[in-house]
């Protein structure tokens, strides 16, 4: 499995759409409610592509033999007093590909690139108790707060969200 920061996501859009739809269907809290319509997924990835082209974010794709299995984004803070930080957005691994370290590989690649471009503070959030909640702790992220009832499911159930940060060091 290879992980790359890509400028043009078009070769992977069909896979990214499937990853988004299936990840949300499997219960991930990434800002969408199930079911995600194909048009909504396409529109989302077009938004991401535009943000990559404009320099507002980076996208990392885990792929093998031309097929994408996971994705994560680093939104680059544009404020003058925040050029040293970035925010992780929408770490997704296709549900059929979980348990093989893909999420970890994506985050390592993101951290290396962040350090390389001078982003030494990484922030993120995740629904409390999600798979990613444990991953971030194992990767050295510090939980600094929990907001109760931050997200809501399609059935109206509310869930807490945890916020994390990590100061990157030269080894990252």
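What follows is calculated from the coordinates using simple rules that are stated; it is not laboratory data. Since the structure is predicted, the reported quantities are computational estimates derived from the model, not experimental observations. In this analysis, Cβ positions are derived from the backbone assuming ideal geometry, glycine residues included, and neighbour counts consider all displayed protein chains.
Which Rg and Dmax, in Å, describe the Cα atoms of the range 92-144?
Values for the range 92-144 (Cα only, Rg and Dmax): 11.8, 34 Å.
Report the extension gain between residue 96 and residue 7 in nm, rounded to one decimal, defined as 0.36 nm multiplied by the number of residues separating them, less their alpha carbon distance.
29.5 nm
Using the alpha carbon gyration tensor of the chain, what are the three equivalent-ellipsoid semi-axes (square root of 5 times each eigenvalue), largest first, in whole Å?
22, 21, 16
Hey, quick one: spin label on residue 104, modelled 7 Å out along Cα-Cβ, who in the range 1-43 has an amide N within reach, i.e. under 16 Å?
1-3
Only bridges whose two residues both fall in the chain count here: according to DSSP, what percent of them are antiparallel, nearest 5?
Bridges in the chain that DSSP calls antiparallel: roughly 90 percent.
Just report the Cα centroid separation between the range 119-137 and the range 43-69, whole Å.
When both Cα centres are located, 20 Å separates them.
Once every DSSP H run of n ≥ 4 in the chain is given -39500 (n - 2.57) and the sum is divided by its residues, what mean residue ellipticity at 222 nm do you get, rounded to the nearest 500 deg cm²/dmol?
Values: 4 runs with 52 residues, N = 172.
Taken over the chain, the calculation gives -9500 deg cm²/dmol.
Once you place label points 7 Å from the Cα toward the Cβ at residue 26 and residue 131, how far apart are they in nm?
0.3
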